[in-house]
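Written out below as structure tokens is the structure these notes cover.
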Amino acid sequence: MKKYRFRKAISDIKYNIFPSDNTCYICGGFCMEKRGMLCETCAKEYLVTGDTCPKCGRPTNNKICTDCNENSPKFIDGVTSFYYDGKGRSSLLSFKSNMHRYRARLYAKYIGNAIKEKDWHDIDYVVYVPGSRSRNIKRGYNPSRLIAQLLALELNTGFLSGSLKRINTK
């Protein structure tokens, strides 16, 4: 546990002292835009563009997707920013388990952009789904909380902590 905390502290210090304005958050390549977060190649592979399901936000031909048709979701509307395969999946898993906290900025920015495109003006608060206590302790942070905090800043709205509770359903 001490070794993990030491590595985490060194990683945080390194990132905060030597910010990389022109480095891609996914592959480490060069970004043309300062603070661009994604290089051109990763943006093409990683970001969802074009038509999406109006219900869940999955990439589709702007019609309700098969999943939503077969099993109507319990929510009204959703957005998708990233493909969850290839680099997108490995990036998210790395964020969750390998101390790549800085990627929360990337997720919050692009989720925020997708929400702004939907023109949702009535968002009062951003909440997060709590992670398991043992995983949060092991990681040193709750990934969904971190994204939610930054998303609230991105959307200029409130953030509620502790509004949802994790329960054991087994």
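The values are calculated or read from the model by the stated rules, or taken from the named source; none is laboratory data. Just so we're clear, the structure is a prediction, and the values are computed from it rather than from any experiment. Reconstructed Cβ throughout: ideal geometry from the backbone, glycine too, with neighbour counts over all protein chains shown. Calculation scope for accessible area: heavy atoms of the full protein, side chains included, ligands and nucleic acids excluded. Shrake-Rupley method; radii C 1.70, N 1.55, O 1.52, S 1.80 Å.
Residue count for the stretch 160-170 satisfying the condition of being within 18 Å of the chain's Cα centre (by Cα) and either surrounded by fewer than 12 Cβ atoms within 10 Å (Cβ to Cβ) or within 24 Å of residue 97 (Cβ to Cβ) (or both): 1. Counting only residues that are farther than 21 Å from residue 95 by Cα and out of contact with any helix residue (DSSP H, G or I) (no Cβ under 9 Å at 6 or more places or on another chain), which one in the stretch 134-167 is modelled with the highest pLDDT? Out of the qualifying residues, it is 156.
In the stretch 37-87, the qualifying residues are those that are at positive phi and in contact with a helix residue (DSSP H, G or I) (Cβ under 8 Å, 6 or more places away or on another chain), and the one that is modelled with the lowest pLDDT is 86. Report, by residue number, each residue of the stretch 47-86 that is surrounded by fewer than 16 Cβ atoms within 10 Å (Cβ to Cβ) and of a type in the set (Gly, Ala, Ser). Listed by number, the residues that qualify are 50, 72, 86. Residues in the stretch 132-152 that are of a type in the set (A, V, I, L, M) and exposed (fewer than 15 other Cβ atoms within 10 Å of the Cβ): 137 only. Checked against (1) open to solvent by 50 Å² or more (accessible area, probe 1.4 Å); (2) modelled with pLDDT of 80 or more; (3) out of contact with any strand residue (DSSP E or B) (no Cβ under 8 Å at 6 or more places or on another chain); (4) of a type outside the set (Ser, Thr, Tyr), residue 32 passes all but a single condition, namely (2). Of 101, 89, all but one fail to be open to solvent by 60 Å² or more (accessible area, probe 1.4 Å), touching a Leu at 6+ places or on another chain (Cβ under 9 Å) and not hydrophobic (A, V, I, L, M, F, W, C); the exception is 101.
Within the stretch 116-131, is there a residue that is more than 25 Å from residue 47 (Cβ to Cβ), of a type in the set (D, E, K, R) and open to solvent by 40 Å² or more (accessible area, probe 1.4 Å)? Within the stretch 116-131, one or more residues are more than 25 Å from residue 47 (Cβ to Cβ), of a type in the set (D, E, K, R) and open to solvent by 40 Å² or more (accessible area, probe 1.4 Å).
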